[in-house]
Amino acid sequence: MNSRDRKTAVKEYKERKIPRGIFVLRCASTQQCWVGSALNLEATRNRLWFTLRQRLHPDKALQQAWNESGEQAFEYDILEKLPDDVAEMSLGDLLKQKRIEWIAKLGARGI
């Protein structure tokens, strides 16, 4: 890769749109689900799996279900992505509102 290609790739990486929104964790063996919000939906799954594998997740019920059912029983799905044009000032409130709506809709627990 030459210098120009590298600079272009770096620029494109920095300008990429990071998906923000609402996700759900489902446990197939217990039929439980947990809903959360994220500023970076792509990185959130990795963070969750890491904390759960290390037995460090702060949600005790989620951690217990993970410990008893195992990683293979869990599924991470994106429920809703927010539009890219949401103002930064209203982002937190919108994520909170959407999270509450999805928790109610699915009968889930919040994380």
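The values are calculated or read from the model by the stated rules, or taken from the named source; none is laboratory data. Treat the numbers as computed from the prediction; the structure is a model and nothing was measured. Note that we place each Cβ from the backbone using ideal geometry, even for glycine, and neighbour counts take in every protein chain shown.
What to note about this one:
- V86 surrounded by 12 or more Cβ atoms within 10 Å (Cβ to Cβ) and either assigned to a loop (DSSP other than H, G, I, E, B) or among the basic types (K, R) (or both): yes
- Within the range 55-83, the residues that satisfy the criterion of being among the small types (G, A, S) and outside any loop (DSSP other than H, G, I, E, B) are A61, A65, S69, A73.
- Among (1) modelled with pLDDT of 95 or more; (2) not in a helix (DSSP H, G or I), the one test that Q97 misses: (2)
- Test result for L52, more than 11 Å from the chain's Cα centre (by Cα), surrounded by 14 or more Cβ atoms within 10 Å (Cβ to Cβ), modelled with pLDDT of 95 or more and over 18 Å from I103 (Cβ atoms): yes
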